[in-house]
Amino acid sequence: MKKIPSKQTTSSHDTAADPMLQPRRIAVETLIGVLKKRRDMDTAFAEALKRTGTGDTGTGDTGTGDIGPRDRAFAHRLAGTSVRHTGFLRHILADMVREGLPKGTTRAEAALMTGLSQLLFLRTAEYAAVNETVALVKTLAPHESRLAGLVNAVLRRAGRDRARLLKMLETRPELMLPDWIAARWRTRFGDGEMRRLAAALTDTPPLDLAVHPDTDVADLAERLGARHLPLGALRLDAAGTRVEELPGYEQGQWWVQDQAAQLPVTILGARTGERVLDMCAAPGGKTLQLAALGADVTAVDRSERRLERVRENLARTGLTAKTVAADAAAFRPDSPPDRILLDAPCSATGTYRRHPDVLWIKQPGDIESLAAVQQRLLTHAFDLLDTGGTLVYCVCSLEAEEGPDRIAAFLDATPAARRLPLSPAELAGHSDLITSRGDLMTRPSMMAGDGRLDGFFAARLTKIG
């Protein structure tokens, strides 16, 4: 391949070069942050903005290569789409580049993936997707810029094969998943359910809201153009909309919270005036729910920064709760709570339809280490519970070790613990959300015709004398 003259070869960190390429450069750096550095999407995007000289440097200066809101939104959308479809994009590259890309060509590979995302999912004009991606690759270091011809050929072939590739995705949605996740879900749920879970990645998730009890739900639904789901949430299609601009936000009439995430508070059954301990409370949606019920809530989280966001939402909604920055595994309230909600740290694999990055930043070993943390928290929470009190343990995970296996092990080791099985009446008649043992289990394959919901496991326990 003809060597590109050195004057055309610039570093991907040279923010003054090719400013028109900046949105795509930011998307590439974000994708690398998620896939190679295991950063969550928001962190990776913020770091990419700084790395390319287009974000806040901490001094108030946004850099010489600052981009406007439209380009920044495109960069975020391109990065997010590429992360969401990572498994499928890698499959395409493995098929089209049989010998594989050379080692050390991380940015060229990421650029190819973003180019494919534009062609297949964002409907970017082919000439723009191909030409801009090739131009971006030419700005990379020499050992990667030499792949510009290959990048051009792959993208043009993908453009010609678009219909075939999208049909492949429709018939083989499991290609969206990391291999180890697909294997785990196939073992636990069966091949058919694993494929239905994978298909949830191909949908754009709606926005779910929890409504303040002082708000007229029907009126708010009409103003938002939302549906009132039987389980309580308002659901609307607000893709690309800033939530702060939606009706009722400034008045504190609602907060963003997936329908499944609202159910643990529903089954806890807290009542006005009861002392409720919300352990591992941030980001705070469940704290707001409990406060809205009139409970005397103490919200504990080890992150002061994340608790600040909880306080902001409490102030916006006019709700009241005590917030404490502390390790939940060591915190002790002044008196035993009537009810405890333990939303334990977990792999969060149940949230992948909204946060597909979790599938790529987690590794198999994380589940084992998190299970140990969950066991320690559950043991401490139960110790705090008064006799006859109620504890709900929940995780936004689809992994058995973090959910049903964790509760089974705890019950076996704790003679004073008893499960309080759920009834369909508590969940608007949705018996399909209740396991054979009486626990809550939601999966993103459920409610497929109505926008789906996140994956959650929750078990309700009590302490006997």
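Laboratory data are not the source of any read-out in this text; all were calculated from the coordinates shown. Here the structure is a predicted model, which is why all the values come from computation and not from measurement. Quick reminder, even Gly has a Cβ in these numbers, built from the backbone with ideal geometry, and neighbours come from all protein chains shown.
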Average the reciprocal distances over every distinct pair of alpha-carbons in segment 314-433, invert the result, and give the Kirkwood radius in Å. 16.4
From zero outward in steps of 10 Å, how is the percent of C-alpha pairs of segment 153-309 spread across the bins? 9, 26, 27, 23, 12, 3, 0
For the chain, with the dipole built from +1 on Lys and Arg beta-carbon atoms and -1 on Asp and Glu ones, taken about the Cα centre, which of Met20, Ala408, Leu177 lies farthest toward the positive end? Met20
In percent, what relative contact order does the chain have, based on Cα pairs under 8 Å that are 6 or more apart in sequence? 12
With the alpha-carbon atoms as the only input, what is the per residue convex hull volume for segment 107-220 in Å³? 195
Taking the alpha-carbon centroid of each part, what is the distance from segment 277-351 to segment 420-453 in angstrom? 24
Roughly how tilted is helix 22-35, in degrees to the nearest 10 and between 0 and 90, from the longest Cα axis of the chain? 50
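Any idea what the relative contact order of segment 77-128 is, in percent, if you count C-alpha pairs under 8 Å spaced at least 6 apart?
This gives 48 percent for segment 77-128.
Helix-only estimate, please: 222 nm mean residue ellipticity of the chain, summing -39500 (n - 2.57) across DSSP H runs of length 4 or more and dividing by its residues, to the nearest 500.
Rounded to the nearest 500, the figure is -13000 deg cm²/dmol.
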Could you derive backbone 3J(HN,Hα) for segment 148-162 from the dihedral phi with the Karplus parameters 6.51, -1.76 and 1.60 (θ = phi - 60°), listing whole Hz in sequence and x where the residue is Gly or Pro? 4, x, 5, 4, 4, 5, 5, 5, 5, 5, 4, x, 5, 9, 3
Counting Lys and Arg as +1 and Asp and Glu as -1, each charge on the Cβ, what is the dipole of the chain about the Cα centre in debye, to the nearest 20? 1840
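Expressed as a fraction of 2.2 N^0.38 Å, the rule-of-thumb size for a compact globular protein of N residues, what is the C-alpha radius of gyration of segment 188-276?
Numbers: Rg = 15.9 Å, N = 89, 2.2 N^0.38 = 12.1 Å.
Against the compact-globule rule of thumb, the ratio is 1.31.
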Principal axis box of segment 279-352, alpha-carbon based, largest edge first, Å: 32, 28, 22
Each residue of segment 274-279 in turn: what ³J(HN,Hα) in whole Hz from Karplus with 6.51, -1.76, 1.60 and θ = phi - 60°, glycine and Pro shown as x? 6, 7, 10, 9, 9, 8
Just the Cα atoms of segment 257-387: what Rg and Dmax do they give in Å? 14.8, 43
Toy charge model, Lys and Arg Cβ at +1, Asp and Glu Cβ at -1: segment 79-120 dipole around Cα centroid in debye, rounded to 20, equals 100
For segment 292-444, what is the charge dipole size about the Cα centre, in debye to the nearest 20, if Lys and Arg each add +1 at the Cβ and Asp and Glu each add -1 at the Cβ? 340
With no solvent and one point on each alpha carbon, what is the Debye value of log10 I(q)/I(0) for segment 233-323 at q = 0.10, 0.11, 0.16, 0.23 Å⁻¹? -0.25, -0.31, -0.65, -1.24
Diffusion constant of segment 379-449 at 4 °C, which comes from Stokes-Einstein with the Kirkwood Cα-pair radius and 1.567 mPa s, µm²/s: 95
If you find the alpha carbon centre of segment 173-247 and of segment 73-109, how far apart are they in angstrom? 26
When only alpha-carbon atoms are used, what values of Rg and Dmax, in angstrom, describe the chain? 24.1, 81
Taking the dipole of the chain about the Cα centre (Lys, Arg +1; Asp, Glu -1; charges at Cβ), the one of Thr272, Phe382, Ala226 that reaches farthest to the positive side is Ala226
How tilted is helix 304-317 with respect to the longest principal axis of the chain? Cα atoms for both, answer in degrees (0 to 90, nearest 10). 70
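Students often check this: by mean Cβ neighbours within 10 Å, which of 280-290, 376-386 ranks highest, and how do the rest follow?
Per-residue mean Cβ counts within 10 Å order the peptides as 280-290, 376-386.
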Selection from Pro444, Ile67, Thr351, by position along the positive dipole direction of the chain (Cβ): Ile67
Both in Å, the radius of gyration and Dmax of the C-alpha trace of segment 113-180 are 13.4, 39
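Over all directions, the average projected area of the alpha-carbon convex hull for segment 364-410 comes to how many nm²? Don't skip to the end; give the middle numbers.
On the way: hull surface 13.4 nm².
Mean projected area for segment 364-410: 3.4 nm², to one decimal.
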